[in-house]
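Only one structure is covered here, and it is reproduced in the block below.
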Amino acid sequence: MHSLKNEVTQLIREIFTITITLFKIMIPAIIIVKILVELGIVPYVAWALEPFMSFVGLPKEASIIWAATMLTSNYTGMVLFFQFFENEPITVAQTTVLASMMLMAHNMPTECAIARKAGVKVLYAVTLRIGAGFLIGWILHLLYTKTGMLQSSNQLIWTPSETDDSLVGWIMQQLESLFYIFVMIAGLVTGLKILKLIGVEALLKSLLSPFLKITGIHKDATSFTLVGMTLGLAFGGGLLINEAKKGVIKKKDIFLSLSLLCLCHSLIEDTILMFLIGADLTSILVFRVIFSFALMIVISQLFKRLPDNKHHHVVVSVTQQPSLK
C-alpha cells in the first residue's frame, strides 16, 4: 500500500513537472507572438517568403498564409486559406503543396523553444523546418506538374466558424488550450507508466526500433518519439525534456529524435486539419512520413561524420542538466 502511494505521488509529481516546464516555455512564447502579430510582423515575414512561392507553384497570397502559420498555428493558416481562396479556388495540387509546407513549419516560436529546452539549437530547428518545408513543397510541385496529378479545382471540406477576436476571447482560447495540454500530459504520463508496468512499452520498442534504427534513433527514445509523431512536438518534446533531466537518454538520441519530430509530428490532428482544406491525404500523410524518414537518414549520416567534440558545438544547445551525457 505504501509502495503504491509512493508510485502515485511520483506520478503526480512527474505530471506537474512536465506541465510546468512546458508552460514556462509556452506561455511567454504565446504572449510574444501575440504582441508581434498585433505589431504587424506577419506581412514582413510574408514579404520575405513571397519570392520563393513561384518555385513551389503557389500564388503570392500563399506567403501570407505560411508566414502566419509559422508564427502562430495551423488553425490561423486555415482561416486565412479560406479568406484568400474561397472565391478564387486553387488546385488540389497547390493546396497539397501549401498544406505540406504548413505541416513542416508551423507554430515555430513555441515548438522551437520546446525543442531548444530539450536539447537542440533554435537556429537548427528553424532552418530544418523551413528548409524541409520548401524542399517537400518543391518535390511535390515537380511531381504534380510532371504527372498532371491533382489538377482539379480544390473543394473546401471545412469552413471556419466565427471566433471572438477580442483580447478576452484570445485569453480564453489560450487558457482552454493550456488546460487541454495539461490533461493530455496527465494521460500520456499515466499511460506510459501503465504500458511499462504491463510490458507493452518494451514490446513497442522492439516492434518500432527497426524503423527508427534507420534514422539512428536508439530504442530508448522510441516511446517519446512515437508520442511526438502521433500527438505533437510539444508532448513528445515535453517527455524528452523530462528524460533529459534524468540523464537517461544520450544527447545524440535526443537530437535525432527531436530532428524527426521537427519534420514529422502530430500525424493525427494536423493531418486531419490539412485534409479539411482539401489537401490530398496520401501526400500529407504517407509521403510526409516517407520524406521525413528519408531526410532523417541523411541527417543521421551527417551527424555521425561530425567529430564527437563538434556535436554539441554544431547542433546541441547547453541544457541546464549537468547529468545529461
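Assorted remarks:
- 0 to 90° range, to nearest 10: angle between helix 222-231 axis and the chain longest Cα axis: 30 degrees
- Qualifying trypsin sites (Lys or Arg not before Pro) for segment 58-164 [loop in DSSP, other Cβ within 10 Å: at most 13]: K60
- Environment charge at L295 (Cβ cut-off 12 Å; Lys +1, Arg +1, Asp -1, Glu -1): +2
- Under Karplus coefficients 6.51, -1.76 and 1.60, residue-wise ³J(HN,Hα) of segment 125-130 in Hz, glycine/proline x: 4, 5, 4, 4, 6, 5
Every number in this text was worked out from the coordinates using simple rules, so none of it is lab data. Owing to the predicted nature of the structure, the values given are computational and were not obtained by experimental measurement. Methodologically, a virtual Cβ is constructed for each residue, glycine included, from the backbone with ideal geometry; neighbour enumeration extends over all protein chains shown.
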